[in-house]
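Right, one structure below, let's go through it.
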Amino acid sequence: IGVMSARSGARGHHGKQHTNRLMLWVMLLSGAAAVAVLSANRYLLSAHVLDSPIATHDDAQPLNIRIHVADERLLRLVVEECSKREDSVIWLDRQGQLVVQEAVDFKQCPTMDALLPGKDRGLSTCTDMALYVMHAGARIIPLLQAQDMHRYNAGCGAATARLFWHTIYPSFIVDREDVLHMMLVDHNKLLAKDTLLHEHMNVFLCKTRVCQELMRRHVVRMGYSGHVWLMGHSSSDPSVDVRLGVQHKDLSFLHIKGRSSQQHTQQLLRCWVTQPHFPRLTVVGAFAWEEVKMYGDILNVQILPRVNHDTPQDMHRYNAGCGAATARLFW
C-alpha cells in the first residue's frame with residue numbers, strides 16, 4: 001500500500017500510523033485495474049489493492065502507544081454515541097473531535113456517508129461503522145426523507161461514497177455511474193428482497209473469508225459487476241484498560257460459547273491449548289463431555305459450568321426424581 005499524506009509534518013506521520021495499523025480500504029474502479037483512492041479531510045490514501053497476503057511495507061512505523069490509546073478512547077466515544085439508537089448524524093471534525101448533529105448538513109460532503117437508521121445502531125454495528133468514521137472520513141447518517149434526498153444528491157453527488165450496512169435502502173441509490181455505492185456485508189443477514197439491488201453496488205466489503213467466497217459466487221451467478229473484498233475484523237482494544245504495573249499472570253480472558261457454531265468456540269480452544277504461555281481463558285456455556293474432555297488437563301483453560309464424564313447421567317437422575325412434578329422453562 002502506498003500512502004501519501006495530504007499534509008506534512010506530524011499530521012502526515014499520524015495519518016501513516018492510522019493506515020499502517022488498520023489497513024482500511026475503499027475501492028474505486030478504473031478500467032480493469034482495482035485501484036482504491038480515498039480522499040479524506042486530513043489524508044489522501046492511494047492503494048493498489050491486491051488479492052494476496054498483506055506484507056509489511058518498508059515505511060511502516062512502530063506503534064505509538066499514546067496515539068493508540070487516544071484513538072481507542074475516541075473509538076469508544078463514537079460507538080457509545082452511535083449505540084444510543086438515535087437518528088443522529090455522527091462524524092469527526094478536522095481536529096478529530098466527535099461531532100453529533102440532529103440533522104444532516106447538506107453543505108458538508110464527507111468522503112463517505114454510512115447509512116444507518118437509529119433502529120439498526122447496536123453495539124456490534126456501531127463498532128463496524130465507527131472504524132470507517134475514524135479512518136475513512138465517514139459520516140454516519142440516518143434515513144432521509146424524499147425531499148431531503150433531492151437536496152443531498154444535488155449537494156454531494158459524486159463527491160461522497162455511499163456505504164450500506166447489510167441491507168440496501170433504494171432511496172439512497174442514485175442512478176449515476178460516478179457515484180460509488182458500497183455494502184458492508186454480513187452474509188447471515190442478507191435479505192432476498194435486496195438481491196436485485198446488489199446490481200447497483202460497486203463494492204461488497206466482507207469481514208470473513210466465508211462471506212467473501214459466498215458473495216463472489218453470488219455476483220458471478222447474477223452477472224453483476226461489483227467487486228468483493230475481504231476487510232477482516234477489528235474491534236475495541238481492551239489492553240488500553242490494563243493498569244500500569246499489572247503483570248501478565250494477572251490477566252485473563254472470557255469467551256461465551258452461545259449456540260451458534262459461528263462463535264468458533266472449538267477453534268478458539270484448539271488455538272489456546274497450543275499456547276501455554278497465554279493467560280487463563282474462561283469459557284462459559286453448555287458443553288457435552290466429548291467436547292471438552294481433551295481440555296481437562298490444560299492449566300490456562302477453564303470451562304464453566306464444570307463438565308465431567310458423569311454429567312450426562314445427571315439428567316437421568318433429575319428425570320427420575322422430579323419427573324412431571326417440576327415445570328421446565330427454556331430461554
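The values are calculated or read from the model by the stated rules, or taken from the named source; none is laboratory data. These figures come from a predicted structure and were not determined experimentally. Positions of Cβ are backbone-derived with ideal geometry, glycine not excepted, and every protein chain shown enters the neighbour counts. Accessible surface areas use protein heavy atoms only, side chains included; no ligands, DNA or RNA. Shrake-Rupley method; radii C 1.70, N 1.55, O 1.52, S 1.80 Å.
Tabulated data for the structure shown
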| quantity | calculated |
| --- | --- |
| Pairs, first open to solvent by 90 Å² or more (accessible area, probe 1.4 Å) in segment 72-85, second at pLDDT 90 or above and of a type in the set (Lys, Arg), C-beta under 6 Å, six or more apart | 85/121 |
| Selected residue [under 21 Å from the mean Cα position of the chain (by Cα), at pLDDT 90 or above, hydrophobic (A, V, I, L, M, F, W, C) and under 29 Å from residue 238 (Cβ atoms)] from 24, 38, 45, 75 | 75 |
| Checking residue 204 against (1) crowded, with 20+ Cβ neighbours inside 10 Å; (2) farther than 16 Å from residue 138 by Cβ; (3) touching a residue at least 40 places away in the same chain (Cβ under 8 Å), the condition it does not meet | (3) |
| Single condition residue 167 does not satisfy, out of (1) touching a residue at least 24 places away in the same chain (Cβ under 8 Å); (2) buried (at least 20 other Cβ atoms within 10 Å of the Cβ); (3) within 30 Å of residue 107 (Cβ to Cβ) | (2) |
| Single match in 197, 268, 190 (criterion: assigned to a helix (DSSP H, G or I), hydrophobic (A, V, I, L, M, F, W, C), open to solvent by 30 Å² or more (accessible area, probe 1.4 Å) and within 22 Å of residue 129 (Cβ to Cβ)) | 197 |
| Those residues of segment 60-71 which are charged (D, E, K, R) and either without any contact (Cβ under 8 Å) to a residue 60 or more places away in the chain or at positive phi (or both), in sequence order | 66 |
| Failed criterion for residue 298 (all others in (1) out of contact with any helix residue (DSSP H, G or I) (no Cβ under 6 Å at 6 or more places or on another chain); (2) modelled with pLDDT of 80 or more; (3) assigned to a loop (DSSP other than H, G, I, E, B) hold) | (1) |
| Pairs with Cβ under 9 Å, 6+ apart, first in segment 95-112 and touching a residue at least 24 places away in the same chain (Cβ under 8 Å), second of a type in the set (Lys, Arg) and part of a strand (DSSP E or B) | 104/139; 108/139; 110/139; 111/139; 112/139; 112/162 |
| Residues being open to solvent by 10 Å² or more (accessible area, probe 1.4 Å) and in contact (Cβ under 8 Å) with a residue 24 or more places away in the chain - total across segment 176-186 | 2 |
| Members of segment 253-265 that are among the small types (Gly, Ala, Ser) and open to solvent by 90 Å² or more (accessible area, probe 1.4 Å) | 261 |
| Boolean, residue 230 is open to solvent by 20 Å² or more (accessible area, probe 1.4 Å), under 23 Å from the mean Cα position of the chain (by Cα) and hydrophobic (A, V, I, L, M, F, W, C) | yes |
| Residues (part of a strand (DSSP E or B) and among the aliphatic types (A, V, I, L, M)) located in segment 271-295 | 281, 283, 284 |
| Failed item in (1) touching a Ser or Thr at 6+ places or on another chain (Cβ under 9 Å); (2) surrounded by 20 or more Cβ atoms within 10 Å (Cβ to Cβ); (3) in a helix (DSSP H, G or I), with residue 132 passing the rest | (1) |
| Segment 267-285 residues that are aromatic (Phe, Trp, Tyr), paired with ones that are in a loop (DSSP other than H, G, I, E, B) and open to solvent by less than 50 Å² (accessible area, probe 1.4 Å) (beta carbon under 8 Å, 6 or more apart) | 272/298; 272/300; 278/300 |
